[in-house]
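Structure first, commentary second.
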Amino acid sequence: MALPFSVAVEKRTEDVPRWMPALTSVGSVVLAFVFSALVLWLIGVNPVQVYSFFLRATFGSWAAFSDTMVKATPLILVGLACTVAFKMKLWNIGAEGQFYMGAFFASLVVLVPLLPTNSPPAVLIPAMALMGMVGGAVWGFFPGVLKARFGVNEIITTLMLNYVAILWNNFWIFDRWSDAGFQMTPTFERNSWLPRLSDYARTYPAFSGITLHLGVIFGILAAIVVWWVMQRSRWGYEIRLIGDNPQAARYAGINIARNIVLVMMFSGALAGLAGMSEISGVVHRLQERISPGYGFTGIIVAWLAKLNPFGVILVSILFGALIVAGREVQPSGIAQLIQGFVLFAVISSDVLLRYKIHIVRGADHTAAVGESA
Amino acid sequence: MSDSPYAVEMSDIVIRFPGVLANDRVNFTLRKGEIHALLGENGAGKSTLMNVLSGLYKPNAGVIKVAGQVVNFNSPRDAIAQGIGMVHQHFMLVPTQTVTENILLGLKEPRFLMNLPRYERKVQAIQEQFGLRVDPKAKIWQISVGEQQRVEILKTLYRGANVLIFDEPTAVLAPQEIYELIATMRALVAQGKSIIFISHKLHEVEAVADRITVLRKGRVTAEGLPMAGRTKRELAQLMVGRDVIFAIKKEPRPPGEVVLEVSNLQATNNKGAPALQGFSLKVRAGEIVGIAGIAGNGQSELAECITGLRVCDGGTVSVDGVELTNQPPLAAILAGVAHIPEDRNRVGSSPNLTITDNVIMKCYRRDPVGNGITIDDHHAEVYARDLKQTYDILAPSVQTLARKLSGGNLQKVILAREITANPKLIVAVQPTRGLDVGAVEAIQQHLLLQRMMGAAILLVSEELEELITLSDRVAVIFDGQIMGVVAAEQADINEIGLMMTGTRLEALRQSAATAHHS
């Protein structure tokens, strides 16, 4: 064993520079693509070809980029939902259910109908957004109260409530609101659709076929709101304090039980808004499988973004692109493969933030070897 | 011994952390068979130096020799291979495993089959050699803190340590256990081991050390002085860099109105056993009332009941006429109760938040830091900077995370936060525990200043000396009840000692009276 160098791992004693977390995250995404390329090459595909195809399918044109952003939109909102809860170390695994309940509540506005069916969009859309948030918040409220009052583990309750929400939705679309026996409601009237860029194609021909809808603005606004709440508001300070040290928070006079409920509701509301944005902006009706697991991907998004609201936007775009890419290439597993590599790489890159890694050469190296021998 | 060979020589060690020179060309030598005390205030660089010796940090410059050979440690494993063992202050033991299993943890042997009896015999042999008694088959959770420390020592000996570093080993021990530890250390050096003893309790250093090295702000202020003939005062001066007033001066002050009134308080501890059983006490403005007692007799629960952190089962608490019984912690804060909690890391501060975020914990709801629903960052920062300067908190900036602060500086952050609002009542629990002389003095002075300014202070401490110097009255607690209250200037240590073990003051006085009559 005569390697010309040895690797020494040393715990970091100082804070890492500010740019370091961002750099390691970007670096690990790049690394993930390199590893994926290796796998592609091993199965006999030209990775350069696959990647350039991916790039064209996701960012190659305005239409392609719009598709990517449409997929990124629910991820942004759900990722923010998880970010808010995770900041307080509340493990809300129920964004999926809150998403469905948001979609269901928003649908009530047009399906019951709660407002006259001929209301203008300026009335209907805010009402649906509000109801979507209420629906998600209600679905966050129950686990929140159970946790705050009785100490029930929120991971279990939020996870279980996902299935309840999905089945609840199914009941309505299979039985009550079924459109001619299909598992979906009739298509909503146009006045309840989120405006899309393609709606303006007549005046701006360049927008023709661009399906990007107003939901993406919801996502960006939500990121700003989440950032402001966390960094600037008194409530955000309380959330950060509880997240870091609940005992100190209690000692500082903060009502932890109340905050658990409120944060679960806030988190649920964001996921609910994602549900609303999806039915009002993309599918235009309530139906089965409106979410291909956005609620769970949101957990990953929040982690990869290191719970930074603006990071959530960037990571969501990457994951949105992977979803679009997965739709465009065969086998579609390739996109998931990359997703997996990204996850592993980013999580392992944390080591670099906590440890320094040196390559020891020359005299130092021989000394070290001599000692251990 | 003074001519025995060097076990360790560290020369010109430099360690740089961002913004601080933690070790500035530090020299340190340890002779074979000696106990060498390493003294210094919190943050003086003692732990850093020892982390270099145990392979955790790599020095930016300097040479380390072990038994005359230059060594180069890349990891703690390298240091262990050279016979250097660290007895950590916070034990690194697995509670559900046995003593022997803990000792074997992390070793290459046994490789596959445990064959515990064989290793238990090995552990037993080491125990006999050094007189470290502890049952090798006992589980860690079953044994006392003193025994757990012996397991830590055994761990290093099992790995063949010749140089043992004891990092503030007495901080967690009861007085009896301290005597046993000192005996153990003597036995170890008698068998040729060498010991580095880190402490800032001067009387312990006086009792065990052969030589001392003192560090201040990363520099050596005294290198390898023989201990014989040094006075405590001299050592304190070397540590702090100025004369330390051991006898704190307390101005007389007539107490004012009753501020804290606790009557017939009942509460249980975390295990559900009764902790307070009809506890009553009054503390007046401008008065310090000390609570003396052996740990675990209801002191912590008393402080928690007053500050709203614990539910009481009976009795009442009021502060300045405001009823606080079973009110949330916020009610106590708003009533002007400041609380210096017993556990500064887990209760008193938030480790991953900045100094600024830590000092606004109690005032973020009010102007000027709290501004409607937002927090005024600018004011918060100015406020924090102001406190940092006033209370002499040593840190690179107010953006420094609380967990990076030394114990003394963290305690100053807590003290600054708690007393700047001019509280009516200060509940201080062990405010100086584990701090160095300089910090202890600063904290005590601040408490006395608050007394002069008219705060009522309830001081819980296990240091009798501190209680008697600072307090106006000393109340002794035993089993959740008051055994007696005495004026501090008439306090008799023996009397207090007897009350601490459960004799009531009346009973004492009575027996004294009968003895006098007969």
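For region A:51-78, enumerate the residues that are over 20 Å from the mean Cα position of the chain (by Cα) and either surrounded by 22 or more Cβ atoms within 10 Å (Cβ to Cβ) or outside any helix (DSSP H, G or I) (or both). Passing the criteria: A:54, A:60, A:61. As for region B:480-501, it holds no residue that is at positive phi and out of contact with any helix residue (DSSP H, G or I) (no Cβ under 8 Å at 6 or more places or on another chain). Meeting the requirement of 1 or more residues that are free of Cβ contacts under 8 Å to residues at least 40 places away in the same chain and within 14 Å of another protein chain (Cβ to nearest Cβ), the helices (runs of 4 or more DSSP H) wholly within region A:195-286 are A:215-232, A:234-244, A:246-251.
The set of residues from region B:398-436 being surrounded by fewer than 23 Cβ atoms within 10 Å (Cβ to Cβ) and in contact with a His (Cβ under 7 Å, 6 or more places away or on another chain) comprises just one member, B:419.
Give the residue, chosen from B:385, B:346, B:366, that is basic (Lys, Arg), without any contact (Cβ under 8 Å) to a residue 12 or more places away in the chain, more than 7 Å from chain A (Cβ to nearest Cβ) and not in a strand (DSSP E or B). When all the criteria are applied, what remains is B:366. Taken together, B:306, B:333, B:294 contain a single residue that is in contact (Cβ under 8 Å) with a residue 40 or more places away in the chain, under 16 Å from residue B:426 (Cα atoms) and not in a strand (DSSP E or B), which is B:306. Look at residue A:23 and say whether it is in contact (Cβ under 8 Å) with a residue 12 or more places away in the chain, on the phi < 0 side of the Ramachandran plot and away from every other protein chain (no Cβ under 14 Å). When the stated conditions are applied, residue A:23 does not pass them. Note on region A:132-156: residues that are in a helix (DSSP H, G or I), more than 12 Å from residue A:98 (Cα to Cα) and either within 24 Å of the chain's Cα centre (by Cα) or of a type in the set (Val, Ile, Thr) (or both) total 6. Scanning region A:109-130 for residues that are closer than 18 Å to residue A:177 by Cβ, touching a residue at least 24 places away in the same chain (Cβ under 8 Å) and surrounded by fewer than 22 Cβ atoms within 10 Å (Cβ to Cβ) yields A:111, A:117. Taking region B:187-209 as the range and being without any contact (Cβ under 8 Å) to a residue 60 or more places away in the chain and either among the basic types (Lys, Arg) or over 20 Å from residue B:154 (Cα atoms) (or both) as the test, the residues that pass are B:201, B:203, B:204, B:206, B:207.
For region A:287-308, a residue qualifies if it is among the β-branched types (Val, Ile, Thr) and part of a helix (DSSP H, G or I), and the qualifying residues are A:297, A:299, A:300, A:301. Is at least one residue of region B:322-335 under 27 Å from residue B:410 (Cα atoms), buried (at least 18 other Cβ atoms within 10 Å of the Cβ) and hydroxyl-bearing (Ser, Thr, Tyr)? No, there is no match, as no residue in region B:322-335 is under 27 Å from residue B:410 (Cα atoms), buried (at least 18 other Cβ atoms within 10 Å of the Cβ) and hydroxyl-bearing (Ser, Thr, Tyr). Considering only residues that are within 22 Å of residue B:86 (Cα to Cα) and surrounded by fewer than 16 Cβ atoms within 10 Å (Cβ to Cβ), look in region B:100-121 and name the one that is modelled with the lowest pLDDT. Applying the filter and picking the extreme gives B:109. Just one of the listed residues (B:503, B:420) is among the hydroxyl-bearing types (Ser, Thr, Tyr) and within 26 Å of the chain's Cα centre (by Cα), namely B:420. Within region B:420-446, residues that are under 14 Å from residue B:392 (Cα atoms) and assigned to a helix (DSSP H, G or I) have Cβ atoms under 9 Å from residues that are among the hydrophobic types (A, V, I, L, M, F, W, C) and modelled with pLDDT of 90 or more in these pairs: B:442/B:415; B:443/B:340; B:443/B:415; B:443/B:428; B:446/B:415; B:446/B:416; B:446/B:419, counting only partners at least 6 apart in sequence or on another chain.
Take residue A:353 and tell me if it is modelled with pLDDT of 85 or more and either within 14 Å of chain B (Cβ to nearest Cβ) or in a helix (DSSP H, G or I) (or both). Explain how you work it out, then say what you get.
Values: modelled with pLDDT of 85 or more: no; either within 14 Å of chain B (Cβ to nearest Cβ) or in a helix (DSSP H, G or I) (or both): yes.
For residue A:353, the condition - modelled with pLDDT of 85 or more and either within 14 Å of chain B (Cβ to nearest Cβ) or in a helix (DSSP H, G or I) (or both) - is not met.
Restricting attention to region B:1-59, report how many residues are among the aliphatic types (A, V, I, L, M), part of a loop (DSSP other than H, G, I, E, B) and within 14 Å of chain A (Cβ to nearest Cβ).
To start, the set of residues in region B:1-59 that are among the aliphatic types (A, V, I, L, M) comprises B:1, B:7-8, B:10, B:13-15, B:20-22, B:26, B:30, B:35, B:37-39, B:44, B:49-50, B:52-53, B:56.
Next, from what is left, pick out any that are part of a loop (DSSP other than H, G, I, E, B): B:1, B:44, B:56.
In the following step, the residues that additionally are within 14 Å of chain A (Cβ to nearest Cβ) were identified as B:56.
Number of matching residues: 1.
For region B:264-312, the set of residues classified as on the phi > 0 side of the Ramachandran plot and surrounded by fewer than 24 Cβ atoms within 10 Å (Cβ to Cβ) consists of B:264, B:272, B:278, B:286, B:296, listed by residue number.
Out of curiosity, is residue B:451 assigned to a helix (DSSP H, G or I) and over 30 Å from residue B:278 (Cα atoms)? Considered against the rule, which asks whether it is assigned to a helix (DSSP H, G or I) and over 30 Å from residue B:278 (Cα atoms), residue B:451 comes out as no. Hey, any hits in region A:263-270 for a residue that's surrounded by fewer than 20 Cβ atoms within 10 Å (Cβ to Cβ) and out of contact with any Asp or Glu (no Cβ under 9 Å at 6 or more places or on another chain)? Checked region A:263-270: no residue is surrounded by fewer than 20 Cβ atoms within 10 Å (Cβ to Cβ) and out of contact with any Asp or Glu (no Cβ under 9 Å at 6 or more places or on another chain).
Test residue B:359 against the stated conditions and say whether it is more than 7 Å from chain A (Cβ to nearest Cβ) and under 12 Å from residue B:413 (Cβ atoms). Show your work before the answer.
Working: more than 7 Å from chain A (Cβ to nearest Cβ): yes; under 12 Å from residue B:413 (Cβ atoms): yes.
When the stated conditions are applied, residue B:359 passes them.
Of these, B:509, B:473, which one is among the basic types (Lys, Arg) and within 28 Å of the chain's Cα centre (by Cα)? From the options B:509, B:473, the qualifying one is B:473.
Check whether at least one residue in region A:223-235 is more than 30 Å from residue B:378 (Cβ to Cβ) and of a type in the set (A, V, I, L, M, F, W, C), and report yes or no. There is no residue in region A:223-235 that is more than 30 Å from residue B:378 (Cβ to Cβ) and of a type in the set (A, V, I, L, M, F, W, C).
Residues in region A:163-191 that are buried (at least 17 other Cβ atoms within 10 Å of the Cβ) and either more than 15 Å from residue A:113 (Cα to Cα) or at pLDDT 95 or above (or both): A:165, A:166, A:169, A:173, A:184. Counting residues in region B:267-280 that are touching a strand residue (DSSP E or B) at 6+ places or on another chain (Cβ under 7 Å) and under 13 Å from residue B:429 (Cβ atoms) gives zero. Scanning region B:369-382 for residues that are among the acidic types (Asp, Glu) and facing another protein chain (nearest Cβ under 8 Å) returns a single hit, B:377. Between A:48, A:39, the distinction of being assigned to a helix (DSSP H, G or I), farther than 29 Å from residue A:99 by Cβ, in contact (Cβ under 8 Å) with a residue 24 or more places away in the chain and away from chain B (no Cβ under 14 Å) belongs to A:39 only.
Residue A:311 - would you say it is closer than 29 Å to residue A:192 by Cβ, away from chain B (no Cβ under 14 Å) and assigned to a helix (DSSP H, G or I)? Full working, then the answer.
Numbers: closer than 29 Å to residue A:192 by Cβ: no; away from chain B (no Cβ under 14 Å): yes; assigned to a helix (DSSP H, G or I): yes.
Criteria not met by residue A:311.
Residues in region B:42-72 that are among the polar types (S, T, N, Q) and surrounded by 17 or more Cβ atoms within 10 Å (Cβ to Cβ) were compared, and the one that is nearest to the chain's Cα centre (by Cα) is B:42.
The values are calculated or read from the model by the stated rules, or taken from the named source; none is laboratory data. Note that the structure is predicted; figures quoted are calculated from it, not measured. FYI the Cβ positions are ideal-geometry reconstructions off the backbone, even for glycines, and counts take in every protein chain you see.
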